[in-house]
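Reading through the structure tokens given below for one structure.
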């Protein structure tokens, strides 16, 4: 544990010296925050029409009038609550983008800088090495998610109808951001670590980790069409599947992280 913590401290120190790695994640967070405000606040105000005047949002009204704590919202507030809750899925992309960029650069960057060989010559095990690199990528990504969610919630409090913010504090909403988000980010960064142990450039590793982005984008689309809802059981099943996948990816990463092969490829 001491060796792992020492390596984790080194990973975080390296990240502080290269904050540009988080630029893609920061841009993703900004887009994820602003997009639902354009849909729910800016566009209706610019068009001079209320969302509740459109027949396309009748499903949202029916959903939110049946939810405890949100039944008192007026039609406009109910539709805003539906939009802001559906777009929470986009916030999951923030830790995924951050984790991928950091994890892919961690191994490949050390290989290119030729600082990995002395590390591999120490008694540290592959599990300790990967664990430190994974935590070193995941912790900043989760911190960025917390910051983005706080900004998102604050924006809803300031600009949306009174009471709409309660939709973001529902158990299902918090589970999407703070359970599915980190688990998806963990899967993405482990894919990036697996790829970077065999690749010699960070971009190739990031492209493999981007596999996680596709189902997240598809999930947002099917939610907005009203054909699918992230209910409590669905979120629990998805979290379980991601946890199992992460366990399998960790075993795969250990198997692929061949010290001799990495030294040779370096």
Could I have the simple spin-label model distance between residue 23 and residue 174, label points 7 Å from Cα toward Cβ, reported in nm to one decimal?
-> 3.6
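What FRET efficiency comes out for residue 34 versus residue 231 if R0 is 25 angstrom and r is the Cβ-Cβ distance? Round to the nearest 0.05.
For residue 34 and residue 231, the calculated efficiency is 0.40.
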Ranked from highest to lowest mean number of other Cβ atoms within 10 Å per residue, what is the order of the peptides 174-183, 85-94?
-> 85-94, 174-183
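Throughout, read-outs are computed from the coordinates displayed, never taken from laboratory work. None of these values were measured; they are calculated from a predicted model. Cβ: placed from backbone, ideal geometry, glycine included. Neighbour counts: every protein chain shown.
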